[in-house]
Amino acid sequence: MHTAATPRSFHEHDLSEIRIRLQDLGIDILRLVYADVLGITRSKDLMVSQLEKSAHSGPAFCQGVWVTTTHGDVLDGHGSIADGLPDFVTKLIPETIRPVPWEPGLAIAVVDAFEPSGQASPVAPRSILKGVLEGFQELNLVPIVGPELEFYLAKRTTDGWERIINKTGRPYTTGSQVDPDGTFLHMMRMVDQLNIGAFAGNHEFSPSQYEINLWHDEAISAADRTFLFKSAIQDIASQRGALATFMGKPWNDEGGSGFHLHFSVTDPSGKNQMHNGGPDLSEIAKQMIAGVIAHADAISALSNPTVNAFKRLGPDTLAPYRANWGWDNRSTMIRIPPERGSGTRIELRIGDGAANPYVVIAAVLAAALDGIKNKMVPPAPVDGWSYEDESAGILPMTLGAALDALEADSTLRSYLGATFIETFMTLKRDEVERYLASVKSQDTRDVTDWELEEYIEDY
């Protein structure tokens with residue numbers, strides 16, 4: 001678990017330099033952002049003119065945010081009412097500062113979260129990821145991560161939310177047929193100017209479903225950029241009177257939105273450590289596969305963190321169903337793309353669009369690290385359509401079952417920290433309980449009104 005020393009307060013000249021640079025760009029408001037346990041963006045706007053004072057040793061936020069549900073209920077957990085709702089403090093990360101192109105005069109920056117004692121917050125998702133990365137540093141390995149996220153665009157009607165378009169059969173398409181009011185094209189231009197590594201985009205398989213691709217990067221940078229990307233897409237859509245949702249499966253009649261994660265490791269010089277110089281994978285790569293498979297059930301709770309997410313999974317869905325792997329096989333949980341050399345990597349296909357980028361990356365890398373440390377051996381790869389291959393176990397098919405698996409996985413718990421896992425459990429057990437109280441049949445695979453109310457606007 002990451003236990004960094006007391007955070008260094010900014011010297012006045014540090015903040016003065018940042019203030020002058022921002023003012024020279026015409027920026028008068030700096031928005032400090034972080035992801036809560038659920039992955040929802042929390043923020044505070046600072047006047048740039050007052051930056052030396054307001055960001056010298058903060059600002060502070062109430063710890064209750066870590067255990068706040070989407071409906072605003074504060075549950076009993078870390079920093080909650082039982083603790084007296086204490087503060088945590090933040091420290092902006094200068095290299096994450098970016099002008100916001102769709103809001104002139106505004107810049108955005110990611111912050112780290114710390115306990116009043118100065119120790120890294122045990123529940124802040126960014127801190128959790130940094131703690132896992134320390135384990136790779138000890139092995140002189142550098143994780144590289146490339147995210148792939150899908151989302152839907154919708155508009156509000158008197159009956160709720162409906163898709164921007166409903167014409168099927170237009171995957172890998174761009175232009176007015178799939179973007180009639182130009183919202184997606186506008187998004188492309190804005191996220192390009194935001195400078196978060198976006199490089200391409202298109203309409204996906206389902207109507208009103210889109211994807212924008214981000215370059216791979218070292219894990220913490222990739223997580224920051226993915227978090228900023230999700231926040232940006234939702235903000236831009238809202239500004240244009242639309243809704244962008246990363247909710248896994250908002251529509252019964254169409255496919256879900258995934259969060260596929262490509263990852264690899266390099267040595268400190270940047271040399272890929274995933275291949276053996278030929279077509280096969282390195283021993284490290286195989287150990288990483290074995291670790292992820294060994295912890296797959298527990299990972300599923302963190303990579304699919306909503307009741308709704310599990311309605312995206314199942315046989316013959318092009319979403320994972322079994323804890324298996326294969327060579328360039330999109331029916332498996334782990335796909336090995338065909339590129340070799342510097343492009344050799346693992347693709348984990350289980351993730352849901354609603355997943356918190358910091359948390360899912362931390363969980364997957366923790367499992368991979370466990371595989372390396374214990375020299376785990378993966379099962380044989382699967383050939384062909386893998387859904388009926390009974391050599392691999394079926395993944396949890398409900399959030400409740402996935403939470404049970406996470407609770408039982410003491411190894412993953414040790415990597416991510418007991419406090420974080422307990423806080424996550426508090427939020428998610430409450431969520432499952434509220435869902436089950438709302439449905440007539442606990443076994444329904446239909447997307448319910450409760451799910452739409454709970455998730456579509458927050459994820």
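Taken about its Cα centre, region 132-455 carries a charge dipole of about 420 debye when Lys and Arg each add +1 at the Cβ and Asp and Glu each add -1 at the Cβ.
Each principal axis of the Cα cloud of region 391-438 was taken in turn, and the coordinate range along them, longest first, works out to 35, 34, 10 Å.
Within region 389-459, report the trypsin sites (Lys or Arg not before Pro) that DSSP leaves as loop and that have at most 14 other Cβ atoms within 10 Å.
Loop-located and lightly packed - 440, 445.
Charge dipole of region 12-119 (Cα centre as origin; +1 on each Lys and Arg Cβ, -1 on each Asp and Glu Cβ, all else neutral): 220 debye, rounded to the nearest 20. How many angstrom lie between the C-alpha centres of region 166-186 and region 228-255? That distance is 15 Å. Cβ crowding within 10 Å ranks 221, 257 as 221, 257, fewest other Cβ atoms first. Seen from residue 220, the other residues with C-beta closer than 12 Å to its C-beta sum to a net charge of -3, counting Lys and Arg as +1 and Asp and Glu as -1.
Size descriptors for region 193-320 (Cα atoms only): Rg and Dmax, in that order, 17.3, 51 Å. Geometric descriptor of region 12-119, per residue, is 109 Å³ (volume of the convex hull of the Cα atoms).
The loop-placed trypsin sites (Lys or Arg not before Pro) in region 225-322, going by DSSP, that have at most 11 neighbouring Cβ atoms within 10 Å of their Cβ come out as 271.
The three principal axes of the Cα atoms in region 297-403 give end-to-end lengths of 38, 30, 24 Å, sorted in falling order. Seen through its C-alpha gyration tensor, with square-root eigenvalues sorted a ≥ b ≥ c, the chain comes out rounded because a/c lies under 1.5.
Fewest neighbouring Cβ atoms within 10 Å first, the residues 358, 172, 435 line up as 172, 435, 358.
Coordinate-derived values only; no laboratory data. On a predicted model such as this, the values are computed, not experimentally measured, just so you know. All Cβ positions, even for glycine, are placed from backbone atoms using ideal geometry, and neighbour counts span all protein chains on display.
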